[in-house]
Amino acid sequence: MLKASGGAVPVHENPGPVLLVEDNPLNQKVASVLLERLGLIVEIAENGRLAVEAVGKKKYAVILMDCHMPEMDGFEATVEIRRLEAQQGHYTPIIAVTALAMAGDRERCIAAGMDDYLSKPIDRELLEAKLRRWLSSQVVYNSQKHTQKFLRSNSSLRVLESDPVNLEELEAFYGAEVLKQMMAIFINDTEDMLSRIETQRNERNVRAVAGLAHELKASAASIGAKQLARLSLYIEQAAGQQDWIEVAETLASFHRSFEYFKNFVQPVVEADQANLSSTILN
Ligand code: MN
């Protein structure tokens with residue numbers, strides 16, 4: 001540690017500004033007040049894309065990163081920031097902030113290149129402890145070395161996740177026609193389920209939203225659509241906590257991920273009709 005311990009505020013004498021990446025105005029307010037009371041100067045970016053732009057222009061002492069945001073989420077933004085910094089030869093500690101205190105979420109944060117993790121609502125003392133740790137230059141130096149190793153060993157950093165579903169594996173197991181039917185049914189059911197979740201969310205019906213998200217998780221898992229299954233689980237958990245903001249944001253992530261999924265499986269779903277019917281008739 002650079003500073004002698006003693007619990008004195010500010011957490012660090014002259015750390016430079018903190019970048020708070022958060023789309024929700026209330027959360028922005030709460031976190032900025034906490035950070036300012038710790039003697040820090042706060043700048044706000046409303047989504048991941050704006051955060052990447054900000055990091056391109058200025059050095060920050062630390063970044064607090066919300067995971068679920070419109071336009072570009074915290075995971076994508078972190079990958080972009082780490083790539084940018086690799087060119088700049090610079091490193092900023094990134095602390096993820098999310099409502100979902102789950103083991104899987106933490107792994108996803110670390111895999112994207114974040115250094116640490118805080119649950120919402122932010123606990124003031126925990127925030128202070130983490131900031132003290134990450135504003136220490138020795139900790140940052142060690143983390144930077146670790147990340148450089150990570151960057152060297154990952155040539156395909158662009159790919160945050162693997163393919164949304166393993167079509168080769170499914171086709172080998174089920175055959176082309178059944179796979180085509182399965183994908184069509186899954187897409188249809190998911191669209192139906194999403195509109196039901198939307199209705200129940202508007203009614204603030206915890207049990208219905210959690211129940212539907214649970215079903216969605218099971219159907220996504222059954223075809224090995226891991227990202228969709230995981231997002232369904234987040235929706236289920238957020239509904240259970242009655243965190244409707246997080247439900248809405250995670251639903252938005254699900255929609256984006258589902259669009260990507262549909263594009264990915266489109267060649268299978270729209271496979272040659274003539275060939276398929278002749279195969280079925282045979
Ligand atoms: Mn958010």
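The values are calculated or read from the model by the stated rules, or taken from the named source; none is laboratory data. Predicted, not measured: the structure shown is a model, and the values here were computed from it. Neighbour counts run over all protein chains shown; Cβ positions are idealised from the backbone, glycine included. Remember, those area values only see protein heavy atoms, side chains included, never the ligands or the DNA or RNA. Shrake-Rupley method; radii C 1.70, N 1.55, O 1.52, S 1.80 Å.
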Under-5 Å amide H pairs with Val62, H placed in peptide plane, nonlocal only: Leu19
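My understanding is that a pair violates if its Cα-Cα distance is over 25 Å; which of Lys180/Lys226; Lys57/Lys262; Lys120/Lys217 do that in this structure?
Over 25 Å Cα-Cα: Lys57/Lys262.
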Relative contact order of the stretch 163-282, pairs being alpha-carbon contacts under 8 Å that are 6 or more residues apart, as %: 30 percent
Packing-based ranking, highest mean first, of 229-241, 83-95 given that Cβ atoms within 10 Å are counted: 229-241, 83-95
Calculated FRET value between Lys58 and Glu125, using beta carbons and R₀ = 25 Å, to 0.05: 0.30
Accessible surface of Ser219 - all protein chains present, 1.4 Å probe, nearest 10 Å²: 40 Å²
HN-Hα J in Hz across the stretch 58-71 - Karplus 6.51, -1.76, 1.60, θ = phi - 60°, x for Gly and Pro: 8, 8, 10, 6, 7, 10, 9, 10, 5, 7, 10, 8, x, 6
Rounded to whole Hz, the Karplus (6.51, -1.76, 1.60) HN-Hα couplings of the stretch 205-218, x for glycine and proline: 8, 4, 5, 5, 5, 4, x, 5, 5, 5, 4, 4, 4, 5
For Ala45, distant residues with modelled amide H under 5 Å away: Leu20, Val21, Glu22
FRET efficiency, 1/(1 + (r/R0)^6) with R0 25 Å, evaluated for Leu84 and Ala111 via beta carbons: 0.90
Label-point separation in nm, Leu26 to Asn188, each point 7 Å along Cα→Cβ: 4.0 nm
Relative packing of peptides 51-61, 68-78 - highest average C-beta neighbours within 10 Å first: 68-78, 51-61
Relative contact order of the stretch 170-232, pairs being alpha-carbon contacts under 8 Å that are 6 or more residues apart, as %: 24 percent
3J(HN,Hα) from dihedral phi, the stretch 248-258, Karplus parametrisation 6.51/-1.76/1.60, rounded to Hz, x for glycine, proline: 4, 5, 5, 4, 4, 4, 4, 4, 4, 5, 5
